[in-house]
Amino acid sequence: MLIDRRSLLTTMLAAGAAVGANQALDAAPCTSGRIRRIATEEGFAIPELIEAVSRYMRAHGDQEPGLPELRNGFPPLERFPWGPPLIDFERRIADMDRDGIDHAVLLVMSPGIQIFEPAEGLELARLVNDRAAEVARRYPGRFTPLAALAPQAPEAAAQELERAVRSLGMKGGIINSHTKGEYLDDRRFWPIFAAAQALEVPIYLHPREPSPRMLAPYLDFGLSGAMWGYAAETGLHALRLILAGVFDEFPRLRLVLGHLGEGIPYYLDRIDNRYRAQPRLVPTSSQLQRLPSEYFREHFWITSSGANWAPAVRFCQQVLGVDRVLFAVDYPFEDQPATVAQAMAIPMPATEQESFFHGNAERVFGIAPVTRTRLAGPAPPRPGSPRRGATAA
Ligand code: MN
């Protein structure tokens, strides 16, 4: 049911609401409660995973040169600044309630389970997924966990995705970029994409530090992390998938990238331009059916994790469409209250705000819509404004 904005405006003016006409119109969809906020790239871990990473790194840290800070394992949880919020879901719920986050899509923290040998990786994936499903059941309507996958055993990873979706009710998978320096454009990983397409769930390609073959120049100045290395690594990974023809093979496959598409939207025109001008540099170019940007626009959704900067978000909405850009925080690595304030200040028409903060997430991750009146938080109905009743938001 659509709200009648004209009668709402009349009611508000009659009630002496101290707002200008344009403000009242812009605010109309929010008058009976604030907008629903779904954060779509929120990190978590379980204690067993943190212990297993520490154990592995102490014994085989030389095999993961991108993680020099973990060579002796994680420090004790209480001294590791993100440790407690990563594993404590009571605290997370309290933070979400405080900051007005209604629902969170949960992703196992980077590098997740991809550093382990295949058998241990698979075992940890199952444990992480079982725990995440338990958490989602314990807090109904608050969490949508994605399935942690261990690509080092591709067939088993595909089966685990199927188990997680069919038995645990998960709505997608998450892979933290490279696995032992290997990228998913290698056909041996494609059973994972086949499973995702058949199950009609997206794969979230989440960052980690650059792979060993490109790591060295990033190790200085802290550049291997979120400042630049994550985007360089994960943007490269996404482009490799496109240029390898993954999306010709899997025409209904959906991918999600964080950090506003890891820089790719900004380069879309240049990527196509050079692809056209230098096709001989792309060995698969004679077989690809479309331009790189066309695959990106059709198969990728992007989130604003760690990147809720107004001009960049508006640019991405402009070039990809408002249906492609989803709100995210990147809890606990980002300051959540500051991120919510920054995102709410992005100038955006009300309908686009609805898409950005929850509508797109509901569609991409199959999250049930809720009625607006069920949302907790500030901004109660103004006196004299009509109630929206049971209208779906
Ligand atoms: Mn993240």
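Taken one residue at a time, the phi angles of region 303-309 give Karplus couplings (6.51, -1.76, 1.60, θ = phi - 60°) of 10, 9, 3, x, 8, 8, 7 Hz. Gly and Pro are set to x. What's the carbon and sulfur percent of the chain's accessible surface, probe 1.4 angstrom, rounded to a whole number? With neighbouring chains kept in place, the figure for the chain is 55 percent. Working from Cα pairs under 8 Å separated by at least six residues, relative contact order for region 5-365 is 17 percent. Backbone N atoms of region 170-201 closer than 17 Å to the 7 Å Cα→Cβ label point of residue 63 belong to residues 178-183. Taking every protein chain into account, the accessible area of region 161-251 amounts to 40 square angstrom per residue (probe 1.4 Å). Subtracting the Cα-Cα distance of residue 155 and residue 94 from 0.36 nm times their residue separation leaves 18.1 nm of extension gain.
Grab the Cα-Cα distance for residue 48 and residue 117, subtract it from 0.36 nm times how many residues apart they are, and report the gain in nm with one decimal.
Stretched out fully, the residue 48 to residue 117 stretch lengthens by 23.2 nm.
For a quick check, take a GNM of the chain with Cα springs below 10 Å and name the residue from 194, 277, 59 with the largest mean-square fluctuation. For the chain, modelled as a Gaussian network with Cα springs under 10 Å, the answer is 277. When the helices of the chain are scored as -39500 (n - 2.57) per DSSP H run of n ≥ 4 and the total is divided over every residue, the value at 222 nm lands at -12500 deg cm²/dmol. For the pair region 334-350 / region 214-257, the C-alpha centres are spaced 26 Å from each other.
Amide H to amide H, with H built 1.01 Å from N, residue 147 comes under 5 Å of 171, 172, 173, 174, counting only residues 5 or more places away or on other chains. Extension gain for the segment residue 194 to residue 281, taken as residue separation times 0.36 nm less the Cα-Cα distance, is 28.5 nm to one decimal.
Please state the shape class of the chain: rounded when a/c is under 1.5, otherwise prolate if a/b exceeds b/c and oblate if not, all from the C-alpha gyration tensor. Taking the square roots of the gyration eigenvalues as a ≥ b ≥ c, the chain is prolate.
A Gaussian network model of the chain, with springs between Cα atoms under 10 Å, assigns the largest mean-square fluctuation among 339, 179, 371 to 371.
What is region 28-114's relative contact order, in percent, from Cα pairs under 8 angstrom and six or more apart in sequence?
Computed value for region 28-114: 47 percent relative contact order.
Where in the chain are the helices, taken as whole DSSP H runs, whose Cα atoms extend 20 angstrom or more along the long axis and whose Kyte-Doolittle mean reaches at least 1.0? Helices meeting the criterion: none. The packing ranking of peptides 255-264, 290-299, 46-55, highest mean first, is 255-264, 290-299, 46-55, where packing means the average number of other beta carbon atoms within 10 angstrom of each residue. Other residues with beta-carbon under 10 Å from the beta-carbon of residue 317 carry, at +1 per Lys or Arg and -1 per Asp or Glu, a net charge of 0.
The values are calculated or read from the model by the stated rules, or taken from the named source; none is laboratory data. The structure presented is a predicted model; accordingly, all values stated were derived computationally and were not measured. Glycine also receives a Cβ, built like all others from the backbone with ideal geometry; neighbour counts cover every protein chain displayed. When the accessible area is computed, the model is the full protein with side chains, heavy atoms only, and any ligands, DNA or RNA have been set aside. Shrake-Rupley method; radii C 1.70, N 1.55, O 1.52, S 1.80 Å.
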